[in-house]
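All remarks here apply to the structure that follows.
The values are calculated or read from the model by the stated rules, or taken from the named source; none is laboratory data. Model, not experiment: these values are computed from the prediction. For neighbour counting, all protein chains shown are included, and Cβ atoms are generated from backbone atoms with ideal geometry for every residue, glycine included. Quick note on the areas: whole protein, heavy atoms, side chains included, nothing else; ligands and nucleic acids left out. Shrake-Rupley method; radii C 1.70, N 1.55, O 1.52, S 1.80 Å.
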Amino acid sequence: MRKKLRTIKILLLVIIIIGGGFGYYYSHYIAPNNYTVKKTTINNSNLPKEFENFEIGFISDINLKNSSDITRLEKIITSLNKQHVDMVIFGGDLYSNTPFDNEKVIKILSNIKSSYGKFAVLGEKDLASLNDVTNILNEGGFEVLHNEYRPIYFNNAAIALFGLEGTGDISGLINENNQDFYKLVVVHEPDYFTATSKSNIALQLSGHTMGGYIYLPGIGGLLKKNNGSRYVHGYHSKNKSQLVISNGLSTEEGFEYKLFCPNQINIITLKKGNLK
């Protein structure tokens, strides 16, 4: 009996060592380079019926660090284009540090296909190179929204798009022309949802947190950041408003690992119906 128990303990130890080794290898060398297409359906009764099944491609936190990242970005954009979305939104942090190979990045971004516009907001890393990143995004076909509102027209109907930068206050952008519209807010940091959800928005799209880097069911994302500590991963709802947080498409310098928190291209499908 003792011999049998000893054998079981040895087997368990071997399993733990192998599992730990695989987990380390996967989180450091496989997961950071892989990505998935994550599809989410958002229901809201305020959506105009003309926007039923309108699809948004949402990408965030690309964090380009070297030339191999640029090659990888080409593959990501090819995958995004295969989804045939109606509109594309970038949620911030194009580079990890100082911009490089600007013309190559502009060319890749220019290849993104979208029938009803390409819009972007800036993340905290972008703000450190504000002029360069804004120019790259503009030349790549994106309109960068600096605390601005844009109407989005589709099938003779409209919804309101708000691009925020370092704030959750959209009160100054809401007026008699858009106050009754379906409101879509894009802001890099997800914790601003605490404020935006008080303004009768339908949906907020954010990035910044990388999904928490390590995600454990029932616990959530383990690594928390400024303006990304309350809302870290996945889907949330509050006051009839909804929030989708992207896991991003890369890692950051100093945090080059991911586990159970895959890089993702987010595809958001809008539906008219009660919030679920």
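Some observations on this one:
- Residues that are open to solvent by 10 Å² or more (accessible area, probe 1.4 Å) number at least 1 in the following strands (runs of 3 or more DSSP E) confined to region 176-251: 234-238.
- Just one of (1) open to solvent by less than 70 Å² (accessible area, probe 1.4 Å); (2) at pLDDT below 95 fails for Pro151. It is (2).
- Contact annotation: residue pairs with Cβ atoms under 7 Å, 6 or more positions apart or on different chains, pairing a residue in region 59-88 that is at negative phi and surrounded by fewer than 18 Cβ atoms within 10 Å (Cβ to Cβ) with a partner that is of a type in the set (Gly, Ala, Ser) and assigned to a strand (DSSP E or B), are Gln83/Gly57.
- Only one of Ile136, Ile159 that is in a helix (DSSP H, G or I) and either in contact with a helix residue (DSSP H, G or I) (Cβ under 8 Å, 6 or more places away or on another chain) or among the aliphatic types (A, V, I, L, M) (or both): Ile136
- If the condition is being out of contact with any Pro (no Cβ under 7 Å at 6 or more places or on another chain), within 14 Å of Gly212 (Cβ to Cβ) and either open to solvent by less than 10 Å² (accessible area, probe 1.4 Å) or in a loop (DSSP other than H, G, I, E, B) (or both), then region 252-269 contributes Phe260, Cys261, Pro262, Asn263.
- Filter result (over 21 Å from Ser79 (Cα atoms) and at pLDDT below 95) within region 239-257: Asn239, Lys240, Glu252, Glu253, Gly254, Phe255, Glu256, Tyr257
- For region 101-128, a residue qualifies if it is touching a His at 6+ places or on another chain (Cβ under 9 Å), open to solvent by 40 Å² or more (accessible area, probe 1.4 Å) and either under 26 Å from Thr167 (Cβ atoms) or in a helix (DSSP H, G or I) (or both), and exactly one does: Glu124.
- In region 158-175, residue surrounded by the fewest Cβ atoms within 10 Å (Cβ to Cβ) [restricted to those that are small (Gly, Ala, Ser) and in contact with a Leu (Cβ under 9 Å, 6 or more places away or on another chain)]: Gly166
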